[in-house]
Each structure stands twice: as structure tokens, then as C-alpha cells.
Ligand code: TRP
Ligand code: SF4
């Protein structure tokens, strides 16, 4: 039986961090053997909020691709491509925009949320409101069966399903209705205990040097109740402990737990151990990154190859779409 197709994308708004690694990337990596995977960089989507500051976007596209490759997404198993290189996304977006009722977009929860939160940006644009329509085009263009996304993106996939149904209703059954495949959120938090995010300035990046990792780990907030070295701690609420569970060996984890509860280990020492293990675990990623950084031609060839594969699919879909819409 043919593999089911999944598709997902990331906006190039900065280098990837451990939150991305243990969220989306781990999930994508797990799926790459069992699904026909399409993963792309949504650089047009980055414009919807960053249209005033576009200078950095193309650099981030390259960086993120390097991050993807370095953590083990395989160009042999996945089609990796860049949205703006596939102009058909814009054509399908235009056609879908004709049939998408405005109220569907206006009641989109992420739209309202972002307008309220990102007060320093003027998001009262046509493009920002239409963001989910572009996303719908990205998804149904490839006739994806499933879309692995975090919970924050789930409303967009829901809208995609509605838009696809409406298209099919008007013009005939062209598009399968894609399923949302929810990605588990990573247990680790940013160094300030909020969700790890580039915009919170609390992230540890895949590209951080060992020294940077050490500095960031030293700043991490531990169990907030543990004010003094002599106070017992609670690993259950400590973000450093969550990191231990991911990066330290079983023995260390089992030792830290009781010694922390009995105040026999201090947070400084505990963090040092964790930082060492984290630095070691990211070693192979760092090596791969350095390799691709030194050979941007390899990365460009991988993108070109992915773009070609994506183009084969979209050409066929768009022929069907144009015939169905009769334009
Ligand atoms: N909106 C997604 C995000 O910000 C990125 C994205 C664009 C996407 N098109 C997509 C995700 C299609 C999944 C499928 O993370
Ligand atoms: Fe967290 Fe370790 Fe400190 Fe315990 S000793 S509170 S696990 S950093």
C-alpha cells in the first residue's frame, strides 16, 4: 500500500531551539519512515507579520534547513522545500481566497490572539487576515492526508478542512480532507520557566556553542521554592530536572531525584552535570551543523532537489484545479 502523505511547515523567524527539537522536529523525524513526508519553510508566511523587516528571512531559511538536516531529517526520505520557490502556492491561495468567507477568518482564534499580543506590529493587513488561506493552499496542494502541528496551529488545519470542503462542493471532488496530527508539546521550558520561544529570549538554540549552553544553563530557574542550598527541592517542578530526564543517563536521573529532595545536592552542581550532558548530546548536531555551514552548496542542492519533487506534485494538482474552476 502506498504510504500516506503528511505535510508540515515552519516559518523562518529564527534559528531552531530545543523546544522545536523536542516538539515538531522529533515528531517529523519519527514519521519520516512511515509516511511520504513533505516539509517546507513557509517564507511567505513570515511576511505576514514581518513585512517591514525582511532582510533576515532568507538567512533564516538556510539556517533552518541546516538545523533540519543536522538533527536527522533525511532528504532521501522527505521532500524538503521552500514555499516561495513554488509559485503555484500563490495561485491556489488566490483561488481559495475567492471562496473563503471573511467571517471564517475573522473568528480564527489565533488571529484575534496575535492582534492583541503583537501590539508593536501593525497586523491590520489583508495578508495577515488571509494567513490561514495561504496555509490551506500549502496543505491541499499536496493532497496531504495529515498535517502534524502543535495545538496552536490546529485551528488553521480546521479552517483548511472547511476551505477544502467548500472548494470540493463548488468545483468537484479534487481535494482530500486532511487530518490534524497533534504534536505533543515538549516537557522542557525556557530558562525562565516560560514556554521556550525565541521572542521570550529564553531559548537554548541548536546552534549555541558549548560556552553559550553553559551560560544559559547557569541562569536557569530551578524549583522556585528552593531558596537556599539547605532547602529540600522538588525535581517534579524543576525544569533542570526535565532536562536531566532528556539528556542524562538513567543512573544520574535516579540519583538526582532523592539527593535533591534531601538537599544533598546543590542546584549549581546539578546544573553543571546537566549542562555537560546536554553539550555532549548536542555534539553530533553541532558537528553536522558545522559541516553544512561549511558547504552551503550541498544545502542548496538539497533544496533544489526538494523543490523539483514538490513541483511535480503541484503541476499536476494545479492542472486539475484549473480544469475544475474552468479558468
Ligand atoms: N503556520 C505555520 C506556523 O507558523 C507554518 C505553516 C505554513 C504550516 N503553512 C503550513 C504548517 C502548512 C503546517 C502546514 O507554524
Ligand atoms: Fe532542580 Fe537539580 Fe536544583 Fe533539584 S538540585 S531543584 S533538580 S536543579
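Every number in this text was worked out from the coordinates using simple rules, so none of it is lab data. For clarity, every value in this text was computed on a predicted model and none was experimentally measured. Here Cβ is always computed from backbone atoms with ideal geometry, including for glycine, and neighbour counts include all displayed protein chains.
Can you check how the C-alpha radius of gyration of segment 1-104 compares to 2.2 N^0.38 Å, as a plain ratio? Before the final figure, lay out the partial values.
Values: Rg = 15.1 Å, N = 104, 2.2 N^0.38 = 12.8 Å.
Its radius of gyration relative to the 2.2 N^0.38 Å reference: 1.18.
Say each of residue 174 and residue 200 gets a label point 7 Å from the Cα, pointing the same way as Cα to Cβ; how far apart are those two points in nm?
Here the answer is 4.1 nm between the modelled labels.
If I model a spin label at residue 184 and residue 115 as a point 7 Å from the Cα along the Cα→Cβ vector, what separation in nanometres do I get?
Going by the 7 Å Cα→Cβ label model, 3.7 nm.
Treating the angle as unsigned and between 0 and 90°, give the value, to the nearest 10°, between the Cα long axis of helix 88-99 and the longest Cα principal axis of the chain.
Helix 88-99 sits roughly 70 degrees off the main axis of the chain.
Sort 226, 194 so the one with the fewest other Cβ atoms within 10 Å of its own Cβ comes first. Mind showing how you got there, number by number?
Values: 226 18, 194 12.
Final ranking by Cβ density, sparse to dense: 194, 226.
Give me the base-10 log of I(q)/I(0) for segment 183-327 at each q in 0.19 Å⁻¹, Debye formula, one uniform scatterer per Cα, rounded to two decimals.
So the normalised log intensities are -1.12.
Tilt of helix 131-141 relative to the longest C-alpha principal axis of the chain, in degrees (0 to 90, nearest 10)?
Value to nearest ten degrees: 70.
Starting from 0.36 nm per residue, how many nanometres of slack lie between residue 166 and residue 269 once their C-alpha separation is accounted for?
Residue separation times 0.36 nm, minus the Cα-Cα distance, leaves 31.2 nm.
With just the Cα atoms defining each centre, how far is segment 278-327 from segment 148-216? Give it in Å.
18
Between the helical axis of 57-71 and the dominant principal axis of the chain, each derived from Cα atoms, what acute angle in degrees is found, rounded to the nearest 10?
60
Considering only 274, 53, 196, give the residue with the highest GNM mean-square fluctuation for the chain, with springs between Cα atoms whenever their separation is below 10 Å.
Result for the chain, Cα springs under 10 Å: 53 fluctuates most.
For the chain, what does the relative contact order come out to in percent, with C-alpha contacts under 8 Å and a separation of six or more? Numbers along the way, then the final one.
On the way: 448 pairs, mean separation 71.1, N = 327.
Answer for the chain is 22 percent.
Dividing the convex hull volume of the alpha carbon atoms of segment 210-281 by its residue count, what do you get in Å³ per residue? Let's see the in-between values first.
On the way: hull volume 5.1 nm³, N = 72.
Spread over its residues, the Cα hull of segment 210-281 gives 70 Å³ apiece.
For labels at residue 297 and residue 262 in the simple 7 Å Cα→Cβ model, what's the distance in nm?
Between residue 297 and residue 262, the simple spin-label model gives 6.1 nm.
What is segment 225-267's relative contact order, in percent, from Cα pairs under 8 angstrom and six or more apart in sequence?
Details: 31 pairs, mean separation 21.3, N = 43.
It rounds to 50 percent for segment 225-267.
Given R₀ = 56 Å, FRET efficiency for residue 304-residue 228 by Cβ-Cβ distance, to 0.05?
Details: r = 58 Å, r/R0 = 1.04.
The formula returns an efficiency of 0.45 here.
Among 106, 76, 91, which comes first, second and so on when ranked by fewest other beta-carbon atoms within 10 Å?
The order, fewest Cβ neighbours first, is 76, 106, 91.
Can you tell me what share of the DSSP beta bridges in the chain is antiparallel? A percent to the nearest 5 is fine.
On the way: 1 of 17 bridges.
Bridges in the chain that DSSP calls antiparallel: roughly 5 percent.
Please work out the C-alpha center-to-center distance from segment 119-133 to segment 29-106 and express it in whole Å.
17
Which residue fluctuates the most in the chain, going by a Gaussian network model with Cα springs under 10 Å, if the choices are 303, 139, 221?
Ranking 303, 139, 221 by mean-square fluctuation puts 221 first.
Per residue, what volume in Å³ does the convex hull of the Cα atoms of the chain enclose?
Dividing the Cα hull volume of the chain by its residue count gives 148 Å³.
Per DSSP helix of 4 or more residues, -39500 (n - 2.57); summed, then divided by the residues of the chain. What does that give at 222 nm, rounded to the nearest 500?
Values: 15 runs with 176 residues, N = 327.
Value at 222 nm, helices only, nearest 500: -16500 deg cm²/dmol.
Percent relative contact order of segment 173-327, based on C-alpha pairs within less than 8 angstrom and at least six residues apart? The partial results should precede the final answer.
Numbers: 114 pairs, mean separation 30.4, N = 155.
Relative contact order, segment 173-327: 20 percent.
Would you look at the GNM of the chain, springs on alpha carbons closer than 10 Å, and say which of 17, 85, 295 moves the most?
Maximum among the listed residues: 295.
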